[in-house]
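Read-outs: derived from the displayed coordinates by stated rules, not from any lab. If you're wondering where the values come from, they're calculated on a predicted model, not measured in any experiment. Quick reminder, even Gly has a Cβ in these numbers, built from the backbone with ideal geometry, and neighbours come from all protein chains shown.
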Amino acid sequence: MTESPLPFPAQNNNSSEAAGKSVSGLRLVDAIGAAKAQFGLVTGLTPHAVTGVRSRPGGGWSVLVDVVELARIPDSTSVMATYRVDVDGDGELSACERLRRFTRGATDS
């Protein structure tokens, strides 16, 4: 069994982050939309949920996206995955990686 990814560490909030913007000025809601759309195009997977977001030090955002990798019946046995999707200050995909896989019915301990 793989371990859950560590949560994003707490960061100091400056005025731009408090307003929902990174250093680059890309709004958080726009970054989430860009991350989900571009991730779906690149991987062919449909984003199921966004489970975490943080600003990146050089600008841009890092978004945690959950997807169904293998649908099963009953649904609680479907294989899910969490991906970290990074978008730059212009909203362009800069990186993505799978962090963990789990069954939908599993809980973090």
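Residues in the range 34-58 that are surrounded by fewer than 17 Cβ atoms within 10 Å (Cβ to Cβ), in contact (Cβ under 8 Å) with a residue 12 or more places away in the chain and among the small types (Gly, Ala, Ser): 49, 52, 58.
Those residues that are polar (S, T, N, Q) and farther than 13 Å from residue 33 by Cα, I need them from the range 50-109; list them, please. Before you say what the answer is, go through the steps one by one.
Our first condition is that a residue be polar (S, T, N, Q); within the range 50-109, this holds for 51, 55, 62, 76-78, 82, 94, 103, 107, 109.
If the condition is that a residue be polar (S, T, N, Q) and farther than 13 Å from residue 33 by Cα, then 51, 55, 76, 77, 78, 82, 94, 103, 107, 109 are the ones that fit.
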